[in-house]
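Worksheet for the structure shown next.
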Amino acid sequence: MDCLFCKIINGEVPSTKVYEDDLIYAFNDIAPQAPHHVILIPKQHIASANEITAENSACVAHIFEVIPKLAKELGFAENGYRVINNCGADGGQTVNHLHFHLVGGRQFGWPAG
Ligand code: 5GP
Ligand code: ZN
């Protein structure tokens, strides 16, 4: 399968690893939108949030368990941060492997652009 994030998981495409375990992989975004911009992905290829089911959602729960740990480690938990999932064309998804952006280290505006 020609999937950029699957290639990052298997090391075919290099990345700066922030966290890894059996279920998930996290790395720094190549074009950071904040002082800290980490991408968290399941190791299983799930194309988008539309493909999350009762059977494969454990990795999503796990990602949300790891997020506060990373935020604390990276030093922006106290000030706050944002977790983003872009789904599909209108959502602005550009890589079709489910991922969550964890961004911190600056003030974010709302509503999102
Ligand atoms: P999306 O727009 O699909 O929500 O997010 C995809 C993210 O992947 C973007 O923030 C983009 O900068 C990041 N990205 C795209 N290609 C690469 C790459 O080769 N390496 C890394 N580390 N990030 C990438
Ligand atoms: Zn993939």
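Before moving on, here are some points about what is shown:
- Flag for Ala89 being in contact (Cβ under 8 Å) with a residue 60 or more places away in the chain and closer than 23 Å to Gly113 by Cβ: no
- Here is the figure for the stretch 27-56: residues that are among the hydrophobic types (A, V, I, L, M, F, W, C) and in contact (Cβ under 8 Å) with a residue 60 or more places away in the chain total 4.
- Tally of residues being under 13 Å from the mean Cα position of the chain (by Cα), within 16 Å of ligand 2 (Cβ to nearest atom) and more than 12 Å from Leu102 (Cα to Cα) across the stretch 48-85: 4
Readers should treat all values here as calculations from the given coordinates under stated rules, not as data from a laboratory. Just so it is clear, the structure is predicted and the values come from calculations on it, not from any experiment. Glycine also receives a Cβ, built like all others from the backbone with ideal geometry; neighbour counts cover every protein chain displayed.
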